[in-house]
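Report on the following structure.
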Amino acid sequence: MDDKKIINAIRAGDSQSMELLMDKYSRLLWTIAGAILKNSASTEDVEECVSDVFLHLWLHPDKFDSKRGNLKGYLALLTKSKAIDKLRQNKREAAIPLDEDIILKSEDILENLIDKEDKAQLMDTIRALKEPNKEILIRRFFFEQKPSEIARALSLPVRQVENRIYRTKQQLRQIPSLNRGV
């Protein structure tokens with residue numbers, strides 16, 4: 001069955017034609033989604049992305065316009081779009097938010113280094129840092145992640161992460177009341 005017949009059958013609500021379409025294009029869509037999500041997502045994320053593409057076509061078959069291209073290209077483009085959305089979502093979820101809870105969880109570490117006045121100044125200083133330096137500092141000193149782990153999480157070279165840690169520590173050393181603990 002060719003793509004025109006398949007899409008017309010899907011528009012008519014024929015689930016068997018949807019299965020034919022899935023058999024025909026699943027491997028291609030998995031390859032596209034897998035290439036985009038290769039280092040930042042699980043197999044389940046790739047599977048979810050491909051499933052979302054087929055579900056989108058099933059729920060909105062009229063959005064496919066044969067005058068603008070073929071079904072294979074439409075599905076490939078839709079997969080690329082869904083995979084990029086998933087990649088962005090995963091990066092957002094991986095980012096560590098700076099809030100009071102993070103600082104409070106690490107209070108035991110800071111308790112030995114800095115008194116309460118200096119804690120407030122340290123929090124203000126950390127909040128004033130620009131991204132990604134703020135997140136790198138939090139990951140390194142509050143969550144004790146290695147530079148290589150931070151680099152993977154933020155998609156940065158390890159050397160750049162190490163340099164940013166060094167420069168940020170230098171900035172913090174400029175604050176007289178903080179320079180004894182950093």
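What follows draws every value from the coordinates through simple rules; no lab data is involved. As the structure is a prediction and not an experimental result, all values here were calculated from the model. Cβ: placed from backbone, ideal geometry, glycine included. Neighbour counts: every protein chain shown.
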Sorting Ser26, Leu57, Asn70 by the position of each Cα along the dipole of the range 3-94 (Lys, Arg +1; Asp, Glu -1; all at Cβ), the one nearest the positive end of that ordering is Asn70
Residues whose built amide H sits under 5 Å from the amide H of Gln145, excluding neighbours closer than 5 in sequence, are Arg140
Working note, the range 1-101: Cα radius of gyration (Å, one decimal) and Dmax (Å, whole number) are 15.9, 59
Going from the fewest other Cβ atoms within 10 Å to the most, one would list Val53, Val158 as Val158, Val53
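What is the dipole size for the range 3-94, taken about its Cα centre, with +1 at each Lys and Arg Cβ and -1 at each Asp and Glu Cβ, in debye to the nearest 20? Let's see the in-between values first.
Details: 16 positive and 13 negative charges, 101 e Å.
For the range 3-94, the charge dipole is close to 480 debye.
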Listing Tyr74, Tyr166 by rising number of other beta-carbon atoms within 10 angstrom, fewest first, gives Tyr166, Tyr74
